[in-house]
2 protein chains.
Amino acid sequence: MTMDYELTITTFLERARDLFDHKEIVTALPDGSTHRYTYGDAYERISQLAHALDDYGMEPGDRSGVMALNNFRHYELYFGPSCSERSIHMVNHRLPEHHLVKIINEAGDRLLFLDPQFVDTIKPIADELDTIEQYVVLGDEDAIPETSLEPVTDYESFIAGYETDYDWPDIDEETESALCYTSGTTGLPKGVQYTHRGQFLHTMMHSHVDVFGVSESDVVIPVVPMFHVNGWGFPYTTTFTGAKIVLPGQHTDPDELIPIIEEENVSIAAAVPTVWMEVDRIIEESDELGPAVLDTLQSVLIGGSSPPESLIRKFDEVYEAPIGQGYGMTEASPHLANTLMTTEVKQLPEDEQDRLRMKAGVPAPGVKVRLRDKNGDPVPHDGETPGEVQARAPWLAGEYYSRPEATETSWTEDGYFSSGDVATIDEYGYIDVVDRLDDVIKSGGEWISSIELENALIGHGRVAEATVIGVPHQKWQERPVAYVVAEVDVTANDLREHLLEEFPKWWLPDRFEFVDEVPKTSTGKFDKLALTESFEERYGSLPVEE
Amino acid sequence: MTMDYELTITTFLERARDLFDHKEIVTALPDGSTHRYTYGDAYERISQLAHALDDYGMEPGDRSGVMALNNFRHYELYFGPSCSERSIHMVNHRLPEHHLVKIINEAGDRLLFLDPQFVDTIKPIADELDTIEQYVVLGDEDAIPETSLEPVTDYESFIAGYETDYDWPDIDEETESALCYTSGTTGLPKGVQYTHRGQFLHTMMHSHVDVFGVSESDVVIPVVPMFHVNGWGFPYTTTFTGAKIVLPGQHTDPDELIPIIEEENVSIAAAVPTVWMEVDRIIEESDELGPAVLDTLQSVLIGGSSPPESLIRKFDEVYEAPIGQGYGMTEASPHLANTLMTTEVKQLPEDEQDRLRMKAGVPAPGVKVRLRDKNGDPVPHDGETPGEVQARAPWLAGEYYSRPEATETSWTEDGYFSSGDVATIDEYGYIDVVDRLDDVIKSGGEWISSIELENALIGHGRVAEATVIGVPHQKWQERPVAYVVAEVDVTANDLREHLLEEFPKWWLPDRFEFVDEVPKTSTGKFDKLALTESFEERYGSLPVEE
């Protein structure tokens, strides 16, 4: 039989040490300068960090929190705790204070590593953090701001003087390597425990030639934050394959990214679509910059929402850096599906291909995806009938941390994760996410897609933002209500007429609320929960006559 | 924590069914015609096969043998038994009869599936096969030769009439999926049990962009036999990624392969180096064929021995299908290392790059490789000092089937497989296999590389074949003796002088035996065991004075 070989992220670390110790890790520092070192240097500091954790008395399984932007110390925290059999809890600093308190206490973090600028984020809630014993500011002793955080030290002092190699323990592959919380738009964040085995398999899949194909010869910039689902997994993938990695720190604005991409010869860049729309606009409007500024870029990886067709065309034809889409979620760490231009798809007319590329893509190797209707029955993969995306993957979580009720409703009896995403699947296997189940409006037993209504409202041309929520209705259970940021003379009737071109009458929102701004969550999504709550507070349910 | 998800080869089968049911599996039939069907068709017949095994009464874990060339029925046997929780034993028909008897009995195969042409191979030993209950000839009823094999049926009748879908069982990932025997040059073949988990991980690694990068858009021809270490894993890899697969059957001669590659638009071809030398010679000498005949070929994968530098150049420059090398062994199913043109290597002068490409390559993701000297102590990775290759990988076997003594000597106490290969590892991480430990001649405490001597002898120019064995010596323990097939007027002194240009005097063979042919094993390797035995029979040990 096969040898006893535990799948661990230590394997990544050791491969980089043995084969790629000369390859670079580059960080754009806050002051505009650049920090450069190698995987070999990082390995030594990661070893020091592991010794420091020993010395501090961190036991196997103990968690540290980290609240940081994408930088080399954050990278070190991806490995030091996990490879020495502890766990790292990556904290989203944009969460509301009461969420931060809740998740740090629930995780029981003993140490909290944080970038200097987040000391002010933590100070107001420090008294409520019951388990934190020690704050470690990510910098040297000059980096510690005048602060009331107690006790506090700096990262460089914390790891200084320790040996630069470490006798990494054998770790059972089912051991937690990291903890990450969802930033759902509904309810409290839920904890997802990543395991060494799951991360190994996710990382192996990430470099599959039909997924993201991250190679040794690539230069990868994860613009996506490292606290957000492991930076989509890129820090692990680059380490395993030996790709040069570029960490942008706070310099994630499109106008700051362009020179970084140019100077560091970035070949793969991962960020949400809006970043690329802005990058394109800047180059387009500049007198000095031309498309050549992105010459080294070979592939642009996006996630979170669909790219407009025009952007796909532009990056194909002008920048010659095709956009690939990934689809996933915190529970899947995160990857489940991606754009795959199969032999069959490449034979379709170009506009048909572009249409497919606006979809979430096909399941990655190892991922099983199915659609279920509201009764849990199978939905045909006909490209038209929507159903809830349910998935299995060897890197997908099997539960929420300490949340048995949420676990109960999010995993099926036969072991699938119920994603809450509503999608169609077409003849090419492409998944098209049309809605969140939370966002689907159940009107008299039928589903109305809030996302489709929102996209159509934006398509009106004089609407800047639009979100559609479902509110309780005395007869139909739920009915849609639209919140719209529009030019002043746009009326509800204008919008009704516009929507009737595309949708049946019963899909039309019962009310249009014209607002100055739609409230947003910590990750920039429309905060539908807040809207729903405030609507119900003000109006209660919609009466029958409406 | 992560969901319960067993890593199984059923995952490959189901992915092909769900996403790639329209993609082709092509077989070149013995009569020169071509059999074509799709992964969808194959899935249905694999389901029928699984039902037939149920009906026959095959229990979980029961083994079937298969003795076949690369064809679609052999492909079906890669999945039907394994995915229904049985195991398939791939039998090398070139083994000597007493080896065949030994391994089929040891495996306890209940069924033996065999191509019609192998009925004559089995007939003489059928009486000695204790566990075979039923022979199944791979074809329809007309395919059964007049034969004394009893009882016998044909494959098409065996699977006919069953349902074309199957409720695949949940299988523990540590379950044996297949059994394969080594064809070592020393001693009896040893059985290696592959597991579902091992094959899943090997297959995932195979499509890593820095390994073989087998993509959905590829057309793959495994010329390497499917009974030889799973056809290097390609049947599994193509199924998981949905690549079109072309099975050459008996048409593996270079002049037959050329039109198949051209007609089927093959992009990846896997075969030993001699095939490609011959393909090149044929095109070179042909009036009709030009390099364009290999236009679709993008990558040539070789293994088993190093390609000559001239062949590497030729395939780069003329055919534009770079040669990539793989290194592995039966125990590793088989992949451990491969050519990887890293950022660093690509900056070297071209001839330096070619030199590296003649080496076995760098460890694939997940593989740990180390060198040990004869005392088990570490050997520096300086590109010069040879040591035994010891390896760990999640798809590497942990034991030989039913051979505790062989297991004892081939696995170290700390869990590494002792490959018996002697290699150096250079600063780029490239492994260069310089010898088999069995082939290393231990002369007075020092190692003499028989392979280096053999290569030098071939390099003389007037030597067609050369093999060097170690024979017992009364003073030095072992000394080299060369067996040479050379032009008639070549003398031992000519060869001594030639070798002295490159090697110290003590490396020179004590004797040169001029022969008409060097005996070969069933897999075409020089049969050093036979030579050593016959030398010892004739001469005993070498006396001190020699």
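The values are calculated or read from the model by the stated rules, or taken from the named source; none is laboratory data. Model, not experiment: these values are computed from the prediction. Here Cβ is always computed from backbone atoms with ideal geometry, including for glycine, and neighbour counts include all displayed protein chains. Please note that ligands, DNA and RNA were not included when accessible areas were found on the heavy atoms of the full protein model with its side chains. Shrake-Rupley method; radii C 1.70, N 1.55, O 1.52, S 1.80 Å.
Taking region B:375-385 as the range and being in contact (Cβ under 8 Å) with a residue 12 or more places away in the chain and surrounded by fewer than 20 Cβ atoms within 10 Å (Cβ to Cβ) as the test, the residues that pass are B:Gly376, B:Asp382, B:Gly383, B:Glu384, B:Thr385. Among the residues making up region B:256-267, those that are outside any loop (DSSP other than H, G, I, E, B), closer than 14 Å to B:Val26 by Cβ and of a type outside the set (Asp, Glu) are B:Leu257, B:Pro259, B:Ile260, B:Ile261.
Being farther than 27 Å from A:Met205 by Cα, open to solvent by less than 10 Å² (accessible area, probe 1.4 Å) and in contact with a Pro (Cβ under 6 Å, 6 or more places away or on another chain) is a description that applies to A:Val279. Residue count for region A:357-401 satisfying the condition of being more than 22 Å from the chain's Cα centre (by Cα) and at positive phi: 2.
Being surrounded by 18 or more Cβ atoms within 10 Å (Cβ to Cβ) and out of contact with any helix residue (DSSP H, G or I) (no Cβ under 7 Å at 6 or more places or on another chain) is the requirement here; does B:Glu76 meet it?
In short, no.
None of B:Pro116, B:Pro81 is in contact (Cβ under 8 Å) with a residue 12 or more places away in the chain, within 25 Å of B:Tyr37 (Cβ to Cβ) and crowded, with 24+ Cβ neighbours inside 10 Å except B:Pro81. Return the residue satisfying two criteria in turn: it lies in region A:6-55 and is more than 14 Å from every other protein chain (Cβ to nearest Cβ) and small (Gly, Ala, Ser), and of such residues it is nearest to A:Glu173 (Cα to Cα). Result: A:Ala50.
Restricting region A:204-237 to residues that are facing chain B (nearest Cβ under 8 Å) and hydroxyl-bearing (Ser, Thr, Tyr) leaves a set whose member that is farthest from B:Ala243 (Cα to Cα) is A:Ser217.
Any residue in region B:258-271 that is within 20 Å of the chain's Cα centre (by Cα), at pLDDT 95 or above, open to solvent by less than 10 Å² (accessible area, probe 1.4 Å) and not assigned by TED's automatic domain parsing to the domain that holds B:Arg73?
The answer is yes, given that some residue of region B:258-271 is within 20 Å of the chain's Cα centre (by Cα), at pLDDT 95 or above, open to solvent by less than 10 Å² (accessible area, probe 1.4 Å) and not assigned by TED's automatic domain parsing to the domain that holds B:Arg73.
All but one of (1) more than 27 Å from A:Lys23 (Cα to Cα); (2) surrounded by fewer than 19 Cβ atoms within 10 Å (Cβ to Cβ); (3) among the hydrophobic types (A, V, I, L, M, F, W, C) hold for A:Val293, so report the exception by its number. (1) is the only condition that A:Val293 fails. Sub-6 Å Cβ pairs linking a first residue in region B:17-41 that is open to solvent by 70 Å² or more (accessible area, probe 1.4 Å) to a second residue that is not in a strand (DSSP E or B), at least 6 apart or interchain, are B:Arg17/B:Tyr43; B:Asp21/B:Tyr39; B:Asp21/B:Gly40; B:Pro30/B:Gln250, ordered by first then second residue.
What residue, of A:Thr195, A:Thr175, A:Thr186, A:Thr164, is at pLDDT below 95 and in contact with an Asp or Glu (Cβ under 7 Å, 6 or more places away or on another chain)?
Residue meeting the stated conditions: A:Thr186.
Within region A:321-328, identify whether any single residue is touching a Pro at 6+ places or on another chain (Cβ under 6 Å) and of a type in the set (A, V, I, L, M), and answer yes or no. Checking region A:321-328: at least one residue is touching a Pro at 6+ places or on another chain (Cβ under 6 Å) and of a type in the set (A, V, I, L, M). Does region B:129-145 include one or more residues that are farther than 23 Å from B:Ala42 by Cβ, free of Cβ contacts under 8 Å to residues at least 24 places away in the same chain and surrounded by fewer than 19 Cβ atoms within 10 Å (Cβ to Cβ)? Yes, region B:129-145 has at least one match.
Scan region B:162-197 residue by residue and report those that are in contact with a Cys (Cβ under 7 Å, 6 or more places away or on another chain) and buried (at least 22 other Cβ atoms within 10 Å of the Cβ).
Of the residues in region B:162-197, the ones in contact with a Cys (Cβ under 7 Å, 6 or more places away or on another chain) are B:168, B:192, B:194.
Listed by number, the residues that qualify are B:Val192, B:Tyr194.
Within the set A:Phe240, A:Phe200, the sole residue that is at the interface with chain B (Cβ under 10 Å from one of its Cβ atoms), more than 18 Å from the chain's Cα centre (by Cα), buried (at least 23 other Cβ atoms within 10 Å of the Cβ) and closer than 18 Å to A:Ser84 by Cβ turns out to be A:Phe200. Beta carbons closer than 9 Å, at least 6 apart along the sequence or on distinct chains, pair a first residue in region A:484-511 that is in contact (Cβ under 8 Å) with a residue 24 or more places away in the chain with a second that is part of a loop (DSSP other than H, G, I, E, B) and of a type in the set (Val, Ile, Thr) for A:Val484/A:Val490; A:Val484/A:Val515; A:Val484/A:Val518; A:Val485/A:Val515; A:Val485/A:Val518. Of all residues in region A:154-182, those that are within 14 Å of another protein chain (Cβ to nearest Cβ) have Cβ atoms under 7 Å from Cβ atoms of residues that are surrounded by 15 or more Cβ atoms within 10 Å (Cβ to Cβ) and among the aromatic types (Phe, Trp, Tyr), 6 or more apart or on another chain, in A:Glu176/A:Tyr194; A:Ser177/A:Tyr194; A:Ala178/A:Tyr194; A:Leu179/A:Tyr401; A:Cys180/A:Tyr194.
Okay, residues lined up against (1) within 10 Å of chain B (Cβ to nearest Cβ); (2) of a type in the set (Asp, Glu); (3) in contact with a helix residue (DSSP H, G or I) (Cβ under 7 Å, 6 or more places away or on another chain):
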position	(1), (2), (3)
A:Pro363	yes, no, no
A:Gly366	yes, no, yes
A:Gly387	no, no, no
A:Gln390	no, no, no
A:Trp395	yes, no, yes
